[in-house]
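First up is the structure itself, then whatever we jot down about it.
The values are calculated or read from the model by the stated rules, or taken from the named source; none is laboratory data. This one's a predicted model, so the numbers in the text were calculated from it and none came from an experiment. Quick reminder, even Gly has a Cβ in these numbers, built from the backbone with ideal geometry, and neighbours come from all protein chains shown. Ligands, DNA and RNA are excluded from the accessible area calculation, which covers all protein heavy atoms including side chains. Shrake-Rupley method; radii C 1.70, N 1.55, O 1.52, S 1.80 Å.
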Amino acid sequence: MRTEGLKIKNLSKAMNGLKIVDRVTATFLPGRITALVGPNGAGKTTLFHLITGELKPDMGEIFYRKKKIAGLPPYKVARNGIGRLFQDVRVFENLTVFENVASACYSERSETPWFPFLHIKGLRSFNRDIADRVMFWLEFGGLADLKDTPASSLSYGQQKILAITRIMAAGFSILLLDEPTAGLNPVMIKRVLNILKKIIKEDKSKTIVLVEHNMSVVTEVADWVYFMNEGRISFFGRTDHVLGDQEVREIYLGL
Amino acid sequence: MTLLLQLILNGIVNAAIYSLLAVGFGLVYRSLRFFYIAFGAVYIVASYAVFALANMAGLPLLVSIILGLLIGAISGVVMDKSVYLPLEKRSASTGVLFIASLGIYILVVNLVALFFGNEVKILSMGIEPSFSIGTLVVTRMQVVQFFVGWIVVIGFWFIIRKNNLMKGIWAMGETPDLVVVLGLPYKFMRMLVFALSSVFAGIASLLTALDVGIDPHVGMHALLTGAVAVLVGGVDVYRGWIGGAVLLAVLQSIAVWQFSARWNDLITFGILIITLLFRPQGLFSPKRRREER
Amino acid sequence: MNYILHLLIMIGIYMILSYGLNLVVGFGGLLSLCHAVFYGIGAYACTLLMMKCGLPFLPAILLTILITGICALIVGFPALRFRGDSFVIVTLGFQMIVFTVLYNWVDLTRGPYGIPGIPRPVIAGYEFTTLPEYLIIVWTFLILIAVVLFIIYKSPFGLALKALRDNEMAAEGLGKSPVHLFLYAFVISGMTASVAGGLYATYVTYIDPTSFTLDESIFLLTVLLVGGTGNRIGPFVGTVFMILLPEALRFLGMPDAVAANARQMIYGLTLILLMFFRPQGIAGKYMVR
């Protein structure tokens, strides 16, 4: 039954002799928001780096749709349907909001230099389709009014929303979100969380994994929690279970 | 066989000059992390200053040399104060610094050419006396180049290891912010870096110019030699700069022996590209460079 | 009059060069110091194909584009593993290497002696010899290439390049392959430069390696940086400015010996001032990193 989703098996990575990620095994299922919590330096971001191919694991395997994706370069991981929100948002600063989202909408095939020359006839309708899709996602993220603004002049919160919109528009089915609410004010946090809930509600095939420090956010949106410490998964389970666990509360929450 | 030995001997003498260039370029590249093209401009300034003082104004050579090196050092510092430092304050990117540096290079070289002409200027007159060691021949100038070059380079090596300010300059290349936090005199250190770099360029330039003369456009080649030596040897270790310089000089000599001097650039830049591809941290650097992304 | 025609022809040739370079520098955000390599390979390939193989101009140009494209692939593949300073240095290295080869492979290129007596282009039996005729052929090629490049600038490919330029990690995270996209841009840029090379060779009817030095690569980069990168107007502004500036000096009555150095000094000064006041170039939008 549970073959869908992203499966990580025995994943390890050492850097400068330190085990940053140590034999991590986890499963992220679709239709669910899974939170990855743990103190700073627990290896959460590194785990994301390993999944998206920014770093190569020393050992272990990552399965997605029965394919082994560990060690693939980042663009190939992305083409397999795994998208990522970076901790430091990373919008395309010199592009407009519209172009930022559009850049996520094009297929690999349409991004070849010869594409426009082979499709001279259909180009107009192709562009219209893309524009429609971009507008759809801009409405979804509530950014439609800002579509011609250069991304560099957006506020930090707006940039985060733009980055989330961008990975949504790219059609990824697994979304790895690294601290989507960090540095945002309560209003923006609310907006981001609503978007996340909307994603899961509207499309049960999406898998959301988020690294989060804000416990109230975790309790609000996450169905499932993995608790990481010193490179290992020390607890996992339903959110209410894990956060209710006395040991977790002591170690992590200091309660 | 004699020819090969002679060429290797020449190579070792050249290595002294290349090392000076490598140290001069490396000081700025290592501590400020931008590609310092204007090094080629500083390189010619010292020699032309000496030419103006000694050959045109008639000052004694030794006095001219000291003044020439001083002028070179001042020119380096002025470039920094007028262009790089203000740009850095606006947190300019390395690309911007690189282009500004290129602009300075073009400006200075052509300014010099405007005053002194584009043709080669000879600094010393007369035929160099030479000595023979067995079957090998060494000119007096080569002896001077060898000793001056190696004494300066190796002497500086000791200073770097002992002197705290130098250690600070070394740290500046890794964590620039740390220098400010630790209360080290950032501006003074910067000035020192440019002044020292210019002096190294000046010594190399004079050692060459007194031998074969100088024209305004040799600076680019000097810069590239220094830069390639540093990159091939390894940016992060002083011994790498020297190692790169020696390797380059010796390989060029061997190339002259096997083919001809005309293919030297092919050897130089071939080594550079191959090194960067297969050992980006440099041949003499033990640790891998940090993953830059 | 002839003088003005000559200037217009040179502007045409340099516009082809800078529009092509724009794809790598402006869209890809990579400072390349080996554009003159492809300009030179184009000039030599076209010349040799016409003189040694006896090909007519058009087939020679087409084959030249192909040959230069392959060369660009060979240079680009290793060079594009680098970014920032390292990319600049590696392209500079290739510039020096190719120049050395052009200069010393005397059997093929006649080295420093150069190749004189290059035939004028003959298209459909009509020989383009006079300046007005040559102007037409250069600007026809310019318009053709500009149209192709403008379509590419505006295409999804152009946008993907800009995305990679602005933030490579994020663009790669959206499935864009830096290896492929940068390589395409580099090869296209090299191919367009080769056309300029062929036109230049048949225009001046004599070539030698000194037209394709590091200085020329620096000049081409300067043209683009002065005008501004990453859009359609920048290369035009840069080319016109940089070609007409020295001519303006000539009108000021500066002797030729001085003028060459004075012109270079102005270029240098322009670059410095630009980095202070308009790092994105006169008409550019994107700022060099």
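Odds and ends about this structure:
- Looking at C:Pro209, C:Pro246, C:Pro255, just one residue is in contact with a Leu (Cβ under 6 Å, 6 or more places away or on another chain) and either under 30 Å from C:Thr130 (Cα atoms) or of a type in the set (S, T, N, Q) (or both), and that residue is C:Pro209.
- C:Gly158 vs. criteria in contact with a Lys or Arg (Cβ under 9 Å, 6 or more places away or on another chain) and under 30 Å from A:Gly81 (Cα atoms): no
- B:Gly244 more than 9 Å from every other protein chain (Cβ to nearest Cβ) and either within 17 Å of the chain's Cα centre (by Cα) or surrounded by fewer than 19 Cβ atoms within 10 Å (Cβ to Cβ) (or both): yes
- Search result, residues across the stretch C:236-273 that are within 11 Å of another protein chain (Cβ to nearest Cβ), over 16 Å from B:Ala113 (Cα atoms) and open to solvent by less than 20 Å² (accessible area, probe 1.4 Å): C:Leu271, C:Ile272
- Test for B:Gly282: is it outside any helix (DSSP H, G or I) and touching a helix residue (DSSP H, G or I) at 6+ places or on another chain (Cβ under 9 Å): yes
- With respect to the conditions (1) hydrophobic (A, V, I, L, M, F, W, C); (2) in the same structural domain as A:Glu54 (by TED's automatic domain parsing); (3) assigned to a helix (DSSP H, G or I); (4) open to solvent by less than 10 Å² (accessible area, probe 1.4 Å), A:Ile167 lacks only one, and its number is (2).
- The single condition from (1) more than 13 Å from chain C (Cβ to nearest Cβ); (2) in a helix (DSSP H, G or I) that B:Asp236 fails is (2).
- Residue ID - surrounded by the fewest Cβ atoms within 10 Å (Cβ to Cβ), chosen from residues in the stretch B:219-241 that are within 17 Å of B:Phe39 (Cβ to Cβ) and more than 12 Å from the chain's Cα centre (by Cα): B:Val235
- For B:Ser47, the test of being touching a helix residue (DSSP H, G or I) at 6+ places or on another chain (Cβ under 8 Å), hydroxyl-bearing (Ser, Thr, Tyr), more than 24 Å from C:Gly281 (Cα to Cα) and surrounded by fewer than 24 Cβ atoms within 10 Å (Cβ to Cβ) is failed.
- Unmet criterion (only one of (1) within 23 Å of A:Ile130 (Cβ to Cβ); (2) outside the structural domain of A:Arg32 (by TED's automatic domain parsing)) for A:Asp203: (2)
- In the stretch A:174-207, the residue that is surrounded by the most Cβ atoms within 10 Å (Cβ to Cβ) out of those that are free of Cβ contacts under 8 Å to residues at least 60 places away in the same chain and under 15 Å from A:Asp88 (Cβ atoms) is A:Thr181.
- Helices (runs of 4 or more DSSP H) lying entirely in the stretch C:96-200 (those with 1 or more residues that are among the hydroxyl-bearing types (Ser, Thr, Tyr), in contact with a Leu (Cβ under 7 Å, 6 or more places away or on another chain) and more than 10 Å from every other protein chain (Cβ to nearest Cβ)): C:106-109
- One residue from B:Ala229, B:Ala195 being more than 14 Å from chain C (Cβ to nearest Cβ), touching a residue at least 24 places away in the same chain (Cβ under 8 Å) and small (Gly, Ala, Ser): B:Ala195
- The set of residues in the stretch A:20-49 that are closer than 21 Å to A:Leu72 by Cα and in a strand (DSSP E or B) comprises A:Ile20, A:Val21, A:Asp22, A:Arg23, A:Val24, A:Thr25, A:Ala26, A:Thr27, A:Phe28.
- Flag for A:Ser110 being within 12 Å of chain C (Cβ to nearest Cβ), open to solvent by less than 30 Å² (accessible area, probe 1.4 Å), out of contact with any Cys (no Cβ under 6 Å at 6 or more places or on another chain) and free of Cβ contacts under 8 Å to residues at least 24 places away in the same chain: yes
- Residues in the stretch B:250-281 that are crowded, with 20+ Cβ neighbours inside 10 Å and more than 12 Å from every other protein chain (Cβ to nearest Cβ): B:Gln252, B:Ser253.
- Helices (runs of 4 or more DSSP H) contained in the stretch B:77-172 and holding at least 3 residues exposed (fewer than 12 other Cβ atoms within 10 Å of the Cβ) and more than 8 Å from chain C (Cβ to nearest Cβ): B:140-162
- Candidates in the stretch C:274-289 are the residues that are modelled with pLDDT of 85 or more and closer than 20 Å to B:Tyr36 by Cβ; of these, the one that is nearest to the other protein chains (Cβ to nearest Cβ) is C:Met275.
- Test result for A:Val21, in contact with a strand residue (DSSP E or B) (Cβ under 7 Å, 6 or more places away or on another chain), closer than 19 Å to A:Glu54 by Cβ and either open to solvent by 70 Å² or more (accessible area, probe 1.4 Å) or assigned by TED's automatic domain parsing to the domain that holds A:Met228 (or both): yes
- With respect to (1) touching a Phe, Trp or Tyr at 6+ places or on another chain (Cβ under 9 Å); (2) in contact (Cβ under 8 Å) with a residue 60 or more places away in the chain, the lone exception for A:Asn80 is condition (2).
- The stretch C:209-287 holds helices (runs of 4 or more DSSP H) entirely within its bounds, and those carrying 2 or more residues that are free of Cβ contacts under 8 Å to residues at least 12 places away in the same chain map to C:234-251, C:256-277.
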